[in-house]
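Quick one: the structure is below, and I'll ask about it shortly.
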Amino acid sequence: MKKAINLSVPNLDVEKIVNNLKECIESGWVSTGGRFIGEFEEKIARYVGVNNAVGVQSGTAGLHTALRVLGVQSGDEVLVPTLTFIAAVNPVTYQGATPVFIGCDDTLCMDSNILENFLRENCEIRDKATYNKKTGAKVGSIIVVHVFGNMANMEKIMELAKEFNLKVLEDATEALGTYYKKGKYAGKYAGTIGDAGVYSFNANKIITTGGGGMVVSQNEKFLDEIRFLTTQAKTDQLYFVHNEIGYNYRMLNIQAALGTSQIDELEKFIEVKIKNYNLYKEAIEKINGLTLLPFNDDIRANYWFYSVVVDEEKYGMNKDELLKKLVEENIQTRPIWGLIHEQKPYINHEVHGVEKAIEYHDKVLNIPCSSNLKEEEIKVVVELLKKWG
């Protein structure tokens, strides 16, 4: 069997993490207490330029608690992208709210023009709150997902949010390290522009703790509430008094022990991912029918995933046929997620401007992009793409 070329795998230096893990095990602090949690939170906060951060057990846990603290309630509507992983949307339903699906632009992120059209044509402002004219429901928040390390048009989205009195939650679970190079938010990292942002350290992310996530915000009271809720809402730590419903969502010390060494390597990982992206780009642009999706010019992306658009007519096969052939060669490849508005729990929900999302869903494949991907492995992938085209 041919050696596997994986899609996106952890890049872990055992020598650098073994002492941290050894300390966790020997001290007994492997769960939701221990010094590495605070250390990792401080490092993430410093890296993205905020004062504080709160570690949680997953990006999903971070999104859920963030929505709660942002005031999303049962009966509300939340504007979400359809082109994303379902974990960005399910927390809306955890709160008893209803997602309204918005389509994407060529970045694969939420299209700010479609968002604006929905707000102006389908909503009205009453008593400083926005309501959906069709359903009568309050529209209180937007979840913006920075897909594959690219970045949505945050200037326009934040202007709309201010005009329509909406909270903005940035799902930056794929975009740790991405920041604006120019414009109003020059120097601002993905996740730090809206009311709150969430990162993920799942095994396929650019840095990993095996699982785990992080919530950031410029609002200290917001973070205090996140920390309170994610530790079972203990009003009295000593006597276990709980005046609210909380969650067992706190990051584990053993996760943070991995993360606190990983964050130190992040910029090196991004350098490698940029180099490998450019190697792919130079080769793929010579193959008729294949295009490597670009990242925005106004950002320094983290280049988390590399997305190839397959033109069936020009290339001679569609993305599903190409996917099958790559998998047969032991090259791990995946399509874009199934669009969320087409998933069974959401098929009757309101949808706006999803034509481009459907088009990209039908044409895009993600190819191997690990931060430890070797140049010779890229050549193997590229030669097969040339051979079949």
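Please determine, by comparing only the residues of the stretch 67-104 that are of a type outside the set (A, V, I, L, M, F, W, C) and either assigned to a strand (DSSP E or B) or not assigned by TED's automatic domain parsing to the domain that holds A175 (or both), which one is surrounded by the fewest Cβ atoms within 10 Å (Cβ to Cβ).
Among those that are of a type outside the set (A, V, I, L, M, F, W, C) and either assigned to a strand (DSSP E or B) or not assigned by TED's automatic domain parsing to the domain that holds A175 (or both), it is T98.
Sticking with this one: Would you call L169 buried (at least 21 other Cβ atoms within 10 Å of the Cβ), assigned to a loop (DSSP other than H, G, I, E, B) and within 20 Å of the chain's Cα centre (by Cα)?
Against the criterion (buried (at least 21 other Cβ atoms within 10 Å of the Cβ), assigned to a loop (DSSP other than H, G, I, E, B) and within 20 Å of the chain's Cα centre (by Cα)), L169 does not qualify.
Go over the candidates K181, K162 one by one and state the one that is surrounded by fewer than 20 Cβ atoms within 10 Å (Cβ to Cβ) and touching a residue at least 60 places away in the same chain (Cβ under 8 Å).
Sole residue among the options that is surrounded by fewer than 20 Cβ atoms within 10 Å (Cβ to Cβ) and touching a residue at least 60 places away in the same chain (Cβ under 8 Å): K181.
If you check every pair at least six apart or on different chains, which have Cβ atoms under 8 Å apart with a residue in the stretch 277-302 that is free of Cβ contacts under 8 Å to residues at least 40 places away in the same chain first and a residue that is among the β-branched types (V, I, T) second?
Listed pairs, sorted by first residue: E285/T291; T291/I284; T291/V308; T291/V309; L292/I284; L292/V308; L292/V309.
List pairs: first in the stretch 135-152 and on the phi > 0 side of the Ramachandran plot, second modelled with pLDDT of 95 or more and among the small types (G, A, S), Cβ under 8 Å, 6+ apart or cross-chain?
F148/S307; G149/A175; G149/G177; G149/A301
Just the residues that are outside any helix (DSSP H, G or I) and under 18 Å from the mean Cα position of the chain (by Cα), please, taken from the stretch 334-363.
The initial filter retains those residues of the stretch 334-363 that are outside any helix (DSSP H, G or I), namely 334-339, 343, 347-354.
Passing the criteria: R334, P335, I336, W337, G338, L339.
Need a quick list: strands (runs of 3 or more DSSP E) entirely within the stretch 105-161 having at least 3 residues that are among the aliphatic types (A, V, I, L, M) and closer than 21 Å to A172 by Cα.
Output list reads 138-145.
Okay, moving on. Yes or no: the stretch 211-233 includes at least one residue that is surrounded by 15 or more Cβ atoms within 10 Å (Cβ to Cβ) and closer than 26 Å to H361 by Cβ.
yes
Can you pull out the residues in the stretch 320-348 that are closer than 30 Å to T135 by Cα, in contact with a Phe, Trp or Tyr (Cβ under 7 Å, 6 or more places away or on another chain) and buried (at least 18 other Cβ atoms within 10 Å of the Cβ)?
Passing the criteria: I340, H341.
Please go through (1) in the same structural domain as K221 (by TED's automatic domain parsing); (2) surrounded by fewer than 17 Cβ atoms within 10 Å (Cβ to Cβ) for A4 and return the number of the only condition it doesn't satisfy.
(1)
The values are calculated or read from the model by the stated rules, or taken from the named source; none is laboratory data. Here the structure is a predicted model, which means the values were calculated and not measured. A quick note on method: Cβ atoms are made from the backbone with ideal geometry, for glycine too, and the neighbour counts reach across all protein chains shown.
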